[in-house]
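The values are calculated or read from the model by the stated rules, or taken from the named source; none is laboratory data. The structure presented is a predicted model; accordingly, all values stated were derived computationally and were not measured. Because the Cβ atoms are built from the backbone with ideal geometry, glycine has one as well, and the counts that use them run over all protein chains shown. Surface accessibility is based on the protein's heavy atoms, side chains included, excluding ligands, DNA and RNA. Shrake-Rupley method; radii C 1.70, N 1.55, O 1.52, S 1.80 Å.
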Amino acid sequence: MTESIKTLKQLEDIKKAYLDAQEKYDYIVYVCGGAGCVAAKCDLVRTTLLAETEKAGIGGKVSVIQTGCMGTCAIGPVMLVTPGNIFYTELNAAKIKTIVSEHLVNGNVVEEYTFFDAALQKHVPKMDDINFFKKQVKIALRNCGAMAYDDITAYIARDGYQAAYTALTELSPQKVVDEVKASGLRGRGGAGFPTGIKWQAAHDQKAEQKYMVCNADEGDPGAFMDRSILDGDPHSVVEGMLLGGYAIGASIGYIYIRAEYPVAIERIGEAIDQARKYGILGKDIFGSGFDFDLEIRMGAGVYVCGEETALMASIEGHRGEPRQKPPLPFQSGLFGCPTNINNVETLANIPAIVKNGGKWYAQYGIEDSKGTKVFALAGDVVMTGIVEVPIGMTMREIIFDICGGIPNGKKIKAVQSGGPSGGVVTEIDLDTPTDYKSLQQLGAIMGSGILIVMNEDTCMVDSARYFMEFTREESCGKCNACRLGTKRMLEILERIVDGEGEEGDVELLEELCEVIANTSLCGLGQTAPNAVMSTIRYFREEYDEHIRDGICRAGVCFTDHDKKAYPQRLRGRVL
């Protein structure tokens, strides 16, 4: 039976014991266990590493730790060897055998297996020298890739749960709220509402029962920011929920996570169990008299359940459909009680903010967009993966300086920012700061942090069709505007990309965009037209070429021109 933690000394003793145990090893090897590396067979890398170190007689001198995502999803499996911070990429069993015999036994870095910088045309062995890592500032991702995701003592060794201990034993709930307000943190789930104001509203409600809810229903195409945090640092979310519960006066918290995230569900479940064993969840936490516990609720993969009222309906056992507001969740939310809802990334920031102070966090970012933001990069970019940068960094810096630019010598055409609810940013606007206001002025949004990079071979009309197809499929159907409007818009877009567009189709799309945006019940419908409006705004000529000239300049649509000149071509695929 694990002894419940009641004092700061117990936390410090656990930290010291863990660090002392690590000091006995000559090498500590961190093997990435993020979803991308899992798919690339990182388990084979880890088991081979363990077997080879034993065979070489150095098993007792090498600590092998499986971590969360390191961010470099394009080149996995990856691992980091310390001391030296040597970063190995694209690993397999044969490479591991060489690394063990050369590096771990003889002390010689196997440079040809380390990170290759395509721009410099050379290998860069040390993580500290790699551009992908140098410009990042990791707060929400501070522990991902740097510790064992499944060990609460590893989290405590990195000052985990110290913020919760300080808050529950030394600070009032209002003081915790004040620190969050001072940080300037805004919700990272998409809307960007100030977190401190939301917490204050829930704190001020008088009720016998309140709830904290973590929205982990990440469903946008190309989004894996929240999943990476849950996979690699689940205890930061547990601690963030605990701090939120204390701040608003909630005794129960729910983590709502989609069933398609089995790895994340398993890891957050283990973290909750460990926290209970150490007395960090449950009754009389840290001897403070405060009670708080967490439960997991799995969603069925319904995109609209990312909307807070639909999410609460799903937790209650009802169909996941949004409802009219007010009342807002802080007034009458889950089971009719005051409820505070934050997404995973927002909550992962909270322990660092409470521990270091709101002013510390506010030093990052720009005037009305403080802190850092985690972005998931996908599409036509050299280094797909996740990065965390100060808000305000330009997209050009993120895409070219950090992520290596566009592969195969292609030119960039646009970036879809914010997923299906967002809009495109063109090459001419890549130097715009990535903050909430600046992106909104371009017709895009920060959203949850998705950046889908598109090169010169992308058809923007077909891109709009793809996002509208997703939105139409995910509409819950409750309101006419979204249910019927997205279907009509998709039909028009499909006609256009099939070479059957008519004069007036673009104007009809614009009219439908306005109606759907202004009359839909929830955020999904209200933002559903964004991708179409944005592509019409910046790439109207491509729509006209499809309709009037029967030409798709990217060669990916089955137009009238293609039917005559290339009857064997169908959507860019030569049969």
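Please pick out the residue among 118, 94 that is within 18 Å of residue 384 (Cβ to Cβ) and of a type in the set (Gly, Ala, Ser). Selected residue: 118, the only one of 118, 94 that is within 18 Å of residue 384 (Cβ to Cβ) and of a type in the set (Gly, Ala, Ser). Looking only at residues of segment 118-160 that are free of Cβ contacts under 8 Å to residues at least 60 places away in the same chain and touching a Ser or Thr at 6+ places or on another chain (Cβ under 8 Å), we find that the one that is farthest from residue 242 (Cα to Cα) is 123. Which residue pairs have Cβ atoms under 6 Å apart, sit 6 or more places apart or on different chains, and have a first residue in segment 460-474 that is part of a helix (DSSP H, G or I) and a second that is open to solvent by 30 Å² or more (accessible area, probe 1.4 Å)? Sorted first by the residue in segment 460-474, then by its partner, the pairs are 462/556; 472/487; 474/303.
When 386, 353 are checked against the criterion of being assigned by TED's automatic domain parsing to the domain that holds residue 163 and either outside any helix (DSSP H, G or I) or touching a helix residue (DSSP H, G or I) at 6+ places or on another chain (Cβ under 7 Å) (or both), 353 stands alone in meeting it.
Per the conditions (1) open to solvent by less than 30 Å² (accessible area, probe 1.4 Å); (2) farther than 30 Å from residue 390 by Cβ; (3) hydroxyl-bearing (Ser, Thr, Tyr), the sole criterion not satisfied by residue 466 is (1). Taking every residue in segment 40-52 that is within 16 Å of residue 68 (Cα to Cα) and pairing it with any residue that is among the β-branched types (Val, Ile, Thr), at least 6 positions away or on another chain, the pairs with Cβ-Cβ distances below 7 Å are 42/31; 45/31; 45/96; 46/31; 46/64.
Let's see how each residue does on (1) small (Gly, Ala, Ser); (2) open to solvent by 10 Å² or more (accessible area, probe 1.4 Å); (3) under 19 Å from residue 231 (Cβ atoms); (4) modelled with pLDDT under 95:
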site	(1), (2), (3), (4)
5	no, no, no, yes
78	no, no, yes, no
88	no, no, no, no
95	no, yes, no, no
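Candidates are the residues of segment 175-191 that are of a type outside the set (Asp, Glu), touching a residue at least 40 places away in the same chain (Cβ under 8 Å) and open to solvent by 30 Å² or more (accessible area, probe 1.4 Å); the one that is farthest from residue 283 (Cα to Cα) is 191.
Is one or more of the residues making up segment 320-340 within 22 Å of the chain's Cα centre (by Cα) and either surrounded by 15 or more Cβ atoms within 10 Å (Cβ to Cβ) or closer than 28 Å to residue 67 by Cα (or both)? Within segment 320-340, one or more residues are within 22 Å of the chain's Cα centre (by Cα) and either surrounded by 15 or more Cβ atoms within 10 Å (Cβ to Cβ) or closer than 28 Å to residue 67 by Cα (or both).
Of all residues in segment 266-301, exactly one satisfies the criterion of being part of a loop (DSSP other than H, G, I, E, B), of a type in the set (A, V, I, L, M) and out of contact with any strand residue (DSSP E or B) (no Cβ under 8 Å at 6 or more places or on another chain), namely 280. Cβ contacts < 9 Å: first residue of a type in the set (Gly, Ala, Ser), restricted to segment 294-305; second residue part of a strand (DSSP E or B) and at pLDDT 85 or above, any location; separation 6+ or different chain. Result? Cβ pairs passing all conditions: 299/216; 299/256; 299/257; 299/258; 300/258; 301/258.
Selection over segment 389-414 of residues that are β-branched (Val, Ile, Thr), over 11 Å from residue 435 (Cα atoms) and outside any strand (DSSP E or B) gives a count of 4. Only one of the listed residues (438, 421, 417) is under 25 Å from residue 219 (Cα atoms) and over 16 Å from the mean Cα position of the chain (by Cα). That residue is 438.
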